[in-house]
Amino acid sequence: MKVTEHIEKAKGKTLFSFELIPPQKGRSIQELYDNIDPLMEFNPPFIDVTTSREEFIYIDREGLLDKKLTRMRPGTLGICASITHKYNVDTIPHVLCGGFTKEETEYLLVDCHYLGIDNVMALRGDAMKEEKYFIPTKGGHKYANELVTQISNMNKGQYLHEVIETNNKSNFCVGVAGYPEKHMEAPSMDSDIRRLKEKVDAGADYVVTQMFFDNKKYFSFVEKARAAGINIPIIPGIKPAAVKRHLQLLPQVFKLDMPDDLVRAIEGCKNNAEVREVGIEFAIQQSKELMDFGVPVLHYYSMGKSDNIKKIASAIF
C-alpha cells in the first residue's frame, strides 16, 4: 500500500513509522530484527531503509596504499524484501542520485516493482566523505527532482531508452526530503522551498523532513510550503538526542538549531545514560505537540537502536 493510502486510511489519526540503517558488511540482519521487534506493537504501516553511497577505502599492499571504492552498508533492497516478508509491513527503500547512474537506478526500480514495493524515497544524497560539495555521478542525476522525474516517467511506462506498452506499469508513491531549517547548501529558505516545489511538480507524493528539535521551525516550514502551493503530506522526522556529543555533532552535520532548554538539560547530565533519558522526554513532548498540530505521521530516525524509540512511542501511541 502507498504511504498516501496509509495516511488516507488513518482518517486523521497520526501514524508511527521509523527509519533503519542497513548493517555493515559481515554483520547479521538479525541485529535489525532485534531492533524492529520491540517497535512492531505500535503498528508502523511502513519502515524506511536507508541506502549508503560509495566511499573510498585504502588497502595496504606491501607499503603502498591502494585506493578502492566500496559500499560499507549494501543490501537495502534485500533488507526491504526480508522485512516485508517477516513482518507483513510496507518498506521504503531510499533511492539516491549520488553513486548511481540512471541505468542503475532504472534496474533498481525494476527490482522494486518485481518485489511489489509500492514506495520509494528519492534523495540526492550527500557528498562523498572526501568531497566538500556534492559531485554528480557520471551518467547519474544531479538533483533529486530529476530522479523524481525518472520515477514518474517509469510509472507511465517511459523507460530511459524506450516506451513499453504494458498493463503492469509501476505505480510508485514517491517521497522526498524537506528541510525545516533549509538545506545546508540553499542560499535562503525561500529558494529551498522553490526546490521542494520542483520535486513536487516532478511527481513527489509526500515529504519527510530532516530532523529538527524546534517545532516552530516545522510549523513555519509547513506554512511556507502551503503558501508555495505544496499540498502533499509533510511528515516530521524526529531524532531523540542520545549522547552529549550530539550538542556539537548534530548542528555541525545537519546545520540545525537546538532549543536552549534542551541544550542546558544535556549540559547538566553527568553521563550519556542521563542524556538518553533527557532526549526521550524531550522527544515525547515534541511528539505530543506535533500530534496536536495534526501531523499525518511521526517518523523517527532510529539509527538502528530501538530502546529509546520504544519508550517514546509507548508514551505517544
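The values are calculated or read from the model by the stated rules, or taken from the named source; none is laboratory data. Everything quoted here is computed from the prediction, not taken from an experiment. Heads up, the Cβs are rebuilt from the backbone with ideal geometry, glycines too, and the neighbour counts pull from every protein chain shown. Areas reflect the complete protein model, heavy atoms only, side chains present, ligands, DNA and RNA absent. Shrake-Rupley method; radii C 1.70, N 1.55, O 1.52, S 1.80 Å.
With the convex hull drawn around the C-alpha atoms of region 253-295, the volume per residue stands at 92 Å³. For region 74-153, the list of trypsin sites (Lys or Arg not before Pro) that fall in a loop by DSSP and count at most 10 other C-beta atoms within 10 angstrom reads Lys129, Lys132, Lys138. When each full DSSP H helix of the chain is screened for a Cα extent of at least 27 Å along its own axis and an average Kyte-Doolittle hydropathy of at least -1.0, the helices passing are 272-293. Think of a 1.4 Å ball rolled over the protein heavy atoms: region 207-282 then has 48 Å² of accessible area per residue. Between Asp111 and Lys11, the modelled label-to-label distance comes to 4.0 nm, taking each label 7 Å out from Cα in the direction of the beta carbon. Using R0 = 30 Å, the C-beta based FRET efficiency linking Ala227 and Lys156 works out to 0.50.
Remark: for residue pairs Lys9/Lys102; Lys11/Lys310; Lys182/Lys270; Lys86/Lys197, the C-alpha separation exceeds 27 Å in Lys9/Lys102; Lys182/Lys270; Lys86/Lys197. When the chymotrypsin sites (Phe, Trp or Tyr not before Pro) in region 82-158 are filtered for DSSP coil states and for at most 10 other beta-carbon atoms within 10 Å of their beta-carbon, the remaining sites are Tyr133. Calculated accessible area for region 61-195 comes out at 55 Å² per residue, all protein chains present (probe 1.4 Å; ligands, DNA, RNA ignored). Using a Förster distance of 35 Å, how high is the FRET efficiency between Glu165 and Asp260, based on the Cβ-Cβ distance and rounded to 0.05? That gives a FRET efficiency of 0.05. In a DSSP loop and with at most 16 other Cβ atoms within 10 Å, the trypsin sites (Lys or Arg not before Pro) in region 1-50 are Lys11, Lys13, Lys25, Arg27.
Here the chain exposes an accessible surface that is 50 percent carbon and sulfur, computed with a 1.4 Å probe and the other protein chains kept in place.
Magnitude of the charge dipole for region 208-304, about its Cα centre and with charges confined to Cβ atoms of Lys, Arg (+1) and Asp, Glu (-1), is about 300 debye.
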